[in-house]
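For reference, the structure is listed below as structure tokens.
Since every read-out is calculated from the coordinates, none of them should be taken as a lab result. Every value quoted in this text rests on a predicted model; they were computed, and no experiment measured them. Cβ placement follows ideal geometry from the backbone for every residue including glycine, while neighbour counts extend to all protein chains displayed.
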Amino acid sequence: MNTPSPKISTMPSKPVKLRVIWLQGITCNGNTHSFLNDPSLGSLLECIEFIHHPLLPCSKTLKEVVKKLPKSDILIFEGAYRADFERAEIRMESLLMSLALRTKHIISLGSCASFGGIFKESASEHISGILFDKESESGPLHSLRKKVITLSGCPIHPKWISFVIDMIVQGKKISLDEYRRPKELYGYLVHNGCLRNEYFEWKVDSDHFGTKEGCLYYAQGCQGPFTHGSCNKILWNGVSSKTRSGTPCVGCTEPSFPRTELFTTKTYMSIPAEMPLGVPKRSYLALAGAAKSFHIKRLEGKLIDDNS
Amino acid sequence: MITHELIERIEGEAILDFKTDKSGIVEEADIRFVHFRGMEAILEGRNALDALVIAPRVCGICGHSHLIAAVRMIESAYIDAGFSLTITPKAHSIREITLKCELIQNHIKWLYLVMLHESGKLLGEEVNVSLKALYVTSQINQLSALFSGQWPHSSYAIPGGVTCDPTHIEVMQALKILSEVEQFVGKEVLGCPLEKFELHLKNDSHRALEGDFSKLLHRFERLNLLNSGKSHGRFLVLGENAGSLDHSERSGADVALVSEDSSHTFTHGGKTHAKNALYNGAFYETGPLARALITERQGIASLYQRYGDCAQTRLSARIDEMVTLIAHVRLLLTSLDLSQPSFIPPSHIESISGSGVGIVEAPRGSLIHRARIERGKIVEYSIITPTQWNLGNGTASNLGVAQRAMIGAESITKASLIFRTFDVCSVCTTH
Amino acid sequence: MARPTKEERKISIMTKALELFSKEGFYQTTMPSIAEKIGMSVGNLYNYFTSKEMLAKDLILYIANILGEHIRAINESDRTTQEKIEAIVHMYFKIAKDRPETIEYFLRVYLSNREVFQNCCSGMICVSAFVTEMMIFFEEGVRCGELRDQDFFSAFGLFMGYLGGMVFINGENILSKPLEEYEHTIAENIYYALKTR
């Protein structure tokens, strides 16, 4: 991976900031707003400067960017890719490629940029991520794959992006998985750290939504046990996560996002169609059958029985 | 002279086509949105509950409003199908809290990232990242996430209630955050205690306050824009406290009178993807100013009487709304009865065949989700967003709301700034 | 000749005990009667099994494992779901014929004396090796589209209840033909009852 060359500055206390361009494809701006949620944005902005950002003050407008095609250290791309989608009246196929060639690192930000995401659904054959199209590595930046770091998620967590930027700033090697996602963020499953883990262990399912008790994997469609992401390690907005607020994980970091029937667990004869990642069905069923038969009293009752 | 102006630093991008006279005064202004994402088609064919995940992704800044609109739409389809549904006061309040948090963060971002930034740039002032504003919006979003799990893109509101089951810990945390927000708004935004702001508006003394909001007003004053930007004087609220106002004439508001006009869009040989939203066949303004006037909030009502629907009134309405919302969130938090259920399971979605409509007063105005559901599947989905009302593109004889507000502006840059007083969201407009 | 290991001794005790239990029932069979049948002292028998209940539990585990292994082999074989049903029915009836005491024990001891197994063997723990394989059989049948999706237990009950019932009727000597001659029809009935419509 390329690392920024050390630059000599006249003021050693103020190192040269990395130059970042934030470009948007077909997007809802969700990653932009999630990024703004980082309470330590100020310290991040001491290491980088935005040549362009859709909302933050920056040195160049989009119109200037498409005209001058400035060099950058990091190109952040948010949104799905479509060759004929235009920004400031320039087709994305030429704009993205030009900026990608003039940058050192490319961050594919969010699931639309990474795999096509939700917006791929509207015209599947024309829309993809910048490096991947769903699972297949056939996006337009294929030839520049080594520059790309994938940060999938709908949206991304602001700490994920600041982590990657920090690593680039410090010139450290980021270890990546098959989709070029940082393992330190995506090595975990959303299931890891979920407050409902004990209910999963003992196979106590949640009767219905709106309770603190029970696991959402058996009936409510939770994809946490097979979705990569540190949502329950690096909490959302610093305080919570989908599963902590009783919402099933919708698998938003995976190329398969968005699946269908998101609030129901797909089962075949009562058996979850998708096993916890890497767990053979036979082992899971044997263990589940045993765990289920114990009927742990404590887990069958309310956590707090007089909450008023 | 014809000029195409690309409007950035909004949600997405918009193009304004101006026709100006020799001295640069705007004679005509066309509003165009050139991106289209086909959200409605993505929703069709799916399980109705999937809308709770897909719909928020219409917009990164007001996705929560789309979630609430979608859940209300599904709940109304339950009723239409003859099924009953109970939402406890607790679940209702929690939804209101998170929804109002979204409006508050939106208004702060609009003030600092858009209005102060753009007005400063126009006056040649140096503009920096407003970290204090971003910090406080991150706190408001944290308050929301205590209940909704995350912001943006939560899916925690479901037919029958909410998925979360908060404890006093979350409520206390939320109240602490709210106190910080109150302090910020009082000290930084208004320059006076929150409860005093309305009186300042009534007494027309708000420009003399020392806060970032009055700083914005002073810039508008220097740009000679304070009292420009007048439009039709027709206002509409379709969500809570529905009503319409045509100058001084008040009446109710009926969603059945809403129509969409697509005669000027790309599909019909036009130049935009945005359809116009009309009420009773006419353009109406929706959003904070409409809400303030229809609920007769005193400060804005007197400002409107004094200055009309000009930039100053429109800007003040958004700030005044923020103040009102903060007080409302406090009331909701302190009166939450946690002993009530968060969720009462309704009949299975697959038993539902019917039509639903969900209306929400979103940051920029009335948001409508409509759908037809067959055995739990979405057959048809239609969204009308607030900006389709305010940023509609009409003809010379029947101008859209923002269009009319821009005509007569001294320059295209000033017209563009007036355009931004409507809080532009391109991604919503062309979902 | 090498001395049998403790494990081998246990199995030979279990084989004898199985015969007794399945013939005499759980309560009629006592630890002394088992010891007598094997030709060991009652005290020594207790070295292998601390109680009659523990012995009974180990027996059901033993049987569930035998059935589970057979079904696993069928599950992992290259057969259609319909062929697997045929193979399971065949396997079950063959065991019922060759080693009738195993199925008899299952029907007459395990299913008829639930109170005995409640403490040491709640739910389906002791038969999990067998039930797990049946789950996999059903799950794969639905996944590949051959079987209709439904609640596991309604399908399981239909399949196993049917087979158990036939073995029971056969044991009462009221069938006009040998049990194996019913195999094909029974497998077909099960398939038609469970297949996708």
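When only alpha carbons are used to place a centre, region C:1-75 and region A:191-270 end up 44 Å from one another. Relative to the current alpha-carbon distance between B:ILE25 and B:SER355, full extension at 0.36 nm per residue lengthens the span by 114.0 nm. Straight-distance candidates among the aspartates and glutamates for linking to A:LYS63, with alpha-carbon spacing under 15 Å and chain neighbours fewer than 8 residues away dropped: A:GLU86, A:GLU89, B:GLU5, B:GLU8, B:GLU13. For region A:256-308, the direction-averaged projected area of the alpha-carbon convex hull comes to 6.3 nm². Peptide packing for B:315-322, A:49-56, C:26-33 was compared via the average number of neighbouring C-beta atoms within 10 Å per residue; ordered from the highest value, the list is B:315-322, A:49-56, C:26-33. Peptides A:153-164, B:406-417 ranked from most to least packed give A:153-164, B:406-417, packing being the mean of other C-beta atoms within 10 angstrom over each peptide's residues. Amide H to amide H, with H built 1.01 Å from N, A:LEU189 comes under 5 Å of A:GLY229, counting only residues 5 or more places away or on other chains. For the residues of A:21-31, the average number of beta carbons from a partner chain within 10 Å of their own beta carbon is 6. Could you list log10 I(q)/I(0) for the protein assembly as shown at q = 0.05, 0.11 Å⁻¹, which the Debye formula gives when each Cα is one point scatterer? Calculated log10 I(q)/I(0) at the listed q: -0.37, -1.30. Looking at region A:18-185, the DSSP beta bridges with both ends there are about 25 percent antiparallel.
Counted over region B:2-429, the DSSP beta bridges are approximately 95% antiparallel. With a 10 Å cut-off around each Cβ of A:34-42, the average count of Cβ atoms from other chains is 6. Using the Cβ-Cβ distance between C:GLU83 and B:ARG375 with R0 set to 35 Å, the FRET efficiency works out to roughly 0.50.
Per-residue 3J(HN,Hα) values for region A:186-199, derived from phi via the Karplus relation 6.51 cos²θ - 1.76 cosθ + 1.60 with θ = phi - 60°, read 10, x, 7, 9, 4, 4, 5, x, 5, 5, 9, 3, 5, 5 Hz in sequence order (x marks Gly and Pro).
Take the convex hull of the alpha carbons in region B:16-84; its mean projected area over all directions comes to 7.2 nm². Given H placed 1.01 Å from N in the peptide plane, which residues other than close sequence neighbours of A:THR267 have an amide H under 5 Å from its amide H? For A:THR267, whose amide H was placed from the backbone, the distant partners under 5 Å are A:ALA273. Short to long, the 5 Å bins of the Cα pair-distance histogram for region B:81-157 hold 3, 14, 20, 16, 13, 10, 9, 6, 4, 2, 2, 1, 0 percent of all pairs.
Over every Cα atom in region A:55-210, the radius of gyration and the widest Cα-Cα span, Dmax, amount to 18.0, 60 Å. Shown here for region C:60-132: GluC sites (Glu not before Pro) in loop regions (DSSP other than H, G, I, E, B) with at most 16 other Cβ atoms within 10 Å, namely C:GLU76. Between the Cα long axis of helix C:128-143 and the first principal axis of chain C there is an angle of about 10°, rounded to the nearest 10. Do the alpha carbons of any pairs in B:LYS100/B:LYS176; A:LYS233/B:LYS132; A:LYS266/B:LYS377; A:LYS17/A:LYS146 sit beyond 19 Å of each other, and which pairs? Over 19 Å apart, Cα to Cα: A:LYS233/B:LYS132; A:LYS17/A:LYS146. Subtracting the Cα-Cα distance of C:LYS97 and C:ARG3 from their residue separation scaled by 0.36 nm leaves 30.7 nm.
Between the helical axis of A:158-169 and the longest alpha-carbon principal axis of chain A there is an angle of about 50 degrees.
Ellipticity at 222 nm from helices only: DSSP H runs of n ≥ 4 in chain C, each -39500 (n - 2.57), divided by the residue count, give -21500 deg cm²/dmol.
Phi-derived couplings, Karplus 6.51 cos²θ - 1.76 cosθ + 1.60 at θ = phi - 60°, listed residue by residue for region A:66-75: 5, 7, 8, 6, x, 6, 8, 8, 9, 10 Hz, with x used for Gly and Pro. Straight-line cross-link partners of B:LYS22 among the lysines, defined as a Cα under 20 Å from its Cα and at least 8 positions apart when in the same chain: B:LYS414.
The slack between C:LEU158 and C:LYS37, meaning 0.36 nm per residue of separation minus the straight C-alpha distance, is 39.8 nm. Computed from backbone phi, the HN-Hα couplings of region C:26-43 come to 5, 6, 5, 7, 10, 4, x, 5, 5, 4, 4, 4, 7, x, 10, 6, 4, x Hz, rounded to whole numbers (Karplus: 6.51 cos²θ - 1.76 cosθ + 1.60, θ = phi - 60°; Gly and Pro given as x). Only Cα sites of chain B enter the Debye sum here, all with the same form factor; the resulting log10 I(q)/I(0) across q = 0.09 1/Å is -0.54, listed in q order.
In summary, the convex hull built on the alpha carbon positions of region C:52-194 has an orientation-averaged projected area of 8.4 nm². Among the residues of B:39-47, the average count of other protein chain beta-carbon atoms within 10 Å of the residue beta-carbon is 3. Summary of the geometry: region B:191-240 and region C:134-189, compared by the centres of their Cα atoms, lie 78 Å apart. With viscosity 1.002 mPa s and temperature 20 °C, the Kirkwood radius over alpha carbon pairs of region B:330-430 converts through Stokes-Einstein to a diffusion coefficient of 124 µm²/s.
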